[in-house]
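Before any comments, here is the structure.
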Amino acid sequence: MRSKLLNLALDQAPWLVLLALLAAFGMADARIVAREHLWVLLQQATPVAMLGMAVFWILLTGDIDLSAGHCVALSAVTMGTLLSAGMALTTALGTGLACCLLVGCLNGLLVAWLRIPSFIATLASMLMVQGATLIVATTGTILVLDPALRAFGAGAGAGLQPTIGFTGAVAVVSWWLSRQTRFGLKTFAVGSHPARAELAGMSVGRQKFGVFLLSSVYVFFTAVIIIARVPVVNPGVGGVSLLLDAIAAAVIGGTSLLGGRGRVGGVVCGAITISLLTAALRVLGIEPSSLDLCKGSIIVLILLGERGLHALRALAHGRFDV
């Protein structure tokens, strides 16, 4: 019975943590859990959740992509530049997607086929993408006023916002892809034990290449959400800050940095948790200079708590390799 309770607590740990934080912050200041504030919080969580799903797929294989945040900036700046020059929305979106796929293809070739460690390969591509973003954004700040994007980013002002609905739909498709398809099962297998996957007849290189390409699509979606929500785009959008939040969201949601374990629902929950922490600490009056310190400290405590649950479950099953 105790083992079942531990398993249930561990499986639902991200959501339990989120509920506990909502209760704690709600007692500290009722404005944090007000309905209007929660809608804004969900909107702010959408780019973190979308990029978190991109990170989720890469982490499942046991790799990491340091270029994803800057690739968001490159795609957003490219689309913004084309739209401000009078290009059609479909042309701008297609070009932004092509940029992301190109970076994903480059990362896939370096990691999957040339077998360069993903940390080194994506660090190099990150620097390349950062430089390309600065070249594209010659004016620094770009104004994006496309009415279709504005409607997608702001919605009608009531009910479910389009960006929230879109992110939720992508999350459902991602869950199905990861749990109900051969592609998803192969990705878990490659991340869990690459050598055994090879012995089972899987092409680890081909699978990793496909994952990097798939991840780049999520990066593109993140860029679209950002330029839809913010009318002014510059090379600073996305970047390392958004990437770190996305990685934190994935890890809080139970995705292993060593590969082979993770859930899409956990990633979404982690993204909401990250956004809640940021918004709540601001409402509570935490100084901007101390915001990252406080947020990081709370994230560490959350991860330590989840690690403790893992240790308890391992001990309950008679294992001591925790």
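The table for this structure:
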item: Residue under evaluation Glu198, criteria (1) at pLDDT below 90; (2) more than 24 Å from Lys295 (Cα to Cα); (3) touching a Leu at 6+ places or on another chain (Cβ under 6 Å), criterion not met; result: (3)
item: Selection count where residues are among the polar types (S, T, N, Q) and under 17 Å from Gly296 (Cβ atoms), scope the stretch 215-271; result: 1
item: Filter result for the condition that a residue is surrounded by fewer than 24 Cβ atoms within 10 Å (Cβ to Cβ), of a type outside the set (S, T, N, Q), under 30 Å from Gly191 (Cβ atoms) and more than 13 Å from the chain's Cα centre (by Cα), over Leu89, Leu42; result: Leu42
item: Residue pairs meeting the criteria (Cβ under 6 Å; at least 6 apart or on separate chains; first buried (at least 24 other Cβ atoms within 10 Å of the Cβ), in the stretch 208-237; second part of a loop (DSSP other than H, G, I, E, B)); result: Lys208/Thr61; Val211/Thr61; Ile226/Val237; Ile227/Val144; Val233/Val144
item: Test: residue in the stretch 255-264 that is at pLDDT below 90, within 20 Å of the chain's Cα centre (by Cα), surrounded by 13 or more Cβ atoms within 10 Å (Cβ to Cβ) and farther than 27 Å from Val103 by Cα; result: no
item: Helices (runs of 4 or more DSSP H) wholly inside the stretch 185-260 that include at least 3 residues being among the polar types (S, T, N, Q); result: 204-229
item: Matching residues, the stretch 218-276, being under 19 Å from Phe166 (Cα atoms) and in contact with a Cys (Cβ under 7 Å, 6 or more places away or on another chain); result: Val219, Phe220
item: Given (1) crowded, with 17+ Cβ neighbours inside 10 Å; (2) within 25 Å of Leu38 (Cβ to Cβ); (3) at pLDDT 80 or above, number of the condition Gly285 does not satisfy; result: (1)
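The rows are residues; the columns are (1) surrounded by fewer than 14 Cβ atoms within 10 Å (Cβ to Cβ); (2) of a type outside the set (Gly, Ala, Ser); (3) more than 30 Å from Gly62 (Cβ to Cβ); (4) touching a Cys at 6+ places or on another chain (Cβ under 7 Å).
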residue	(1), (2), (3), (4)
Leu93	no, yes, yes, no
Leu114	yes, yes, no, no
Ser118	no, no, no, no
Leu127	yes, yes, no, no
Gly131	yes, no, no, no
Val144	no, yes, yes, no
Phe152	no, yes, yes, no
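So that you can scan it fast, the table gives a plain yes or no per residue for (1) under 20 Å from Val40 (Cβ atoms); (2) in contact with a Ser or Thr (Cβ under 8 Å, 6 or more places away or on another chain):
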{"site": "Val230", "(1), (2)": "yes, no"}
{"site": "Val240", "(1), (2)": "no, no"}
{"site": "Leu243", "(1), (2)": "no, no"}
{"site": "Ala246", "(1), (2)": "yes, no"}
{"site": "Ile252", "(1), (2)": "no, yes"}
{"site": "Gly262", "(1), (2)": "no, yes"}
{"site": "Val267", "(1), (2)": "no, yes"}
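The values are calculated or read from the model by the stated rules, or taken from the named source; none is laboratory data. Keep in mind it's a predicted model, so treat the numbers as computed, not measured. So basically every Cβ, Gly included, is an ideal-geometry build from the backbone, and we count neighbours across all protein chains shown.
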